[in-house]
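Worksheet: the structure to be examined is printed underneath.
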Amino acid sequence: MRKTMCAFVFAALLACAMPGVSRAAIGEEDVRSAWDEVSRIAEIEPLPLLIKNDSTPNAWVTSGKSVTVTTGLMELLGRYEEIFGVLSHEAGHVKLKHYQSAVTSTIGVGIASLLLGKVIGGGVVGEIVVEAGSNLATAGLSREKEVEADDFAVDIAFKGGADPTGIYTALERLALYKGKLSPSGFNSHPPDDRRLLHVKNRILETDPDVEFP
């Protein structure tokens, strides 16, 4: 009974925090339909789509070979345009070959960390400095790719005649969810406020008359 009440309160808070955006869970059929549509518009081979039973809202591309969406994300999002936007973002990672470049970058960072460790010397302090430097480097590379994927999602929406605000309101919901968690120290994604502003500006640059929910 207590868990049910907490879930209801969380849903109500989201609805109040986002006026104009209806609250309704996304079904598996919606996810698969959106992925097929996004793949067609983005002109990529539709990778296998996996639904993972996980309460944490998330979606990701695995090794450039499959796309995973969690049930937590499906429960968090409120309209088809939002899952379309999120999957367009993931399609951006595929189309722009972010996985391949990330592997190369990670190898480069690993070598640099190894050399840095030898310069600093061993011990706990050296290990901490090397790990922090490596995390910062990979986080910076990842943030750049996330921005590129956000831009790709906006462009795909316009190209397919879809509502471009889907990715924006999806990111808003995720930002609200993240606000309830503890900071992670090194975050690979851009800060929420800057990311939302960038996406909004990208949309308005293409069509100044777009209205946001």
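Structure above, values below:
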{"quantity": "Checklist (1) more than 30 Å from residue 211 (Cα to Cα); (2) modelled with pLDDT under 95; (3) touching a helix residue (DSSP H, G or I) at 6+ places or on another chain (Cβ under 6 Å) applied to residue 5, failing item", "calculated": "(3)"}
{"quantity": "Criterion violated by residue 18 - all others in (1) closer than 24 Å to residue 168 by Cβ; (2) modelled with pLDDT of 90 or more satisfied", "calculated": "(2)"}
{"quantity": "Residue tally, condition touching a residue at least 40 places away in the same chain (Cβ under 8 Å) and either surrounded by fewer than 21 Cβ atoms within 10 Å (Cβ to Cβ) or farther than 17 Å from residue 147 by Cα (or both), over the stretch 158-171", "calculated": "5"}
{"quantity": "Any hit, the stretch 183-198, residues being under 21 Å from residue 88 (Cα atoms), modelled with pLDDT of 90 or more and in contact with a Pro (Cβ under 9 Å, 6 or more places away or on another chain)", "calculated": "yes"}
{"quantity": "Residue in the stretch 72-88 that is surrounded by the fewest Cβ atoms within 10 Å (Cβ to Cβ), counting only those that are within 14 Å of residue 39 (Cβ to Cβ) and touching a Phe, Trp or Tyr at 6+ places or on another chain (Cβ under 7 Å)", "calculated": "87"}
{"quantity": "Selected residue (only one of 71, 62 is modelled with pLDDT of 95 or more and out of contact with any helix residue (DSSP H, G or I) (no Cβ under 8 Å at 6 or more places or on another chain))", "calculated": "71"}
{"quantity": "Candidate set from the stretch 26-71 (those that are basic (Lys, Arg) and over 16 Å from residue 95 (Cα atoms)); member that is surrounded by the fewest Cβ atoms within 10 Å (Cβ to Cβ)", "calculated": "52"}
{"quantity": "Tabulated pairs, the stretch 85-111, first at negative phi and among the acidic types (Asp, Glu), second at pLDDT 90 or above and in a helix (DSSP H, G or I), C-beta under 9 angstrom, 6+ apart or interchain", "calculated": "90/35; 90/38; 90/149; 90/153"}
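The values are calculated or read from the model by the stated rules, or taken from the named source; none is laboratory data. Since this is a predicted model, take the numbers as computed values, not measurements. Note: ideal-geometry Cβ built from the backbone for every residue, glycine included; neighbour counts use all protein chains shown.
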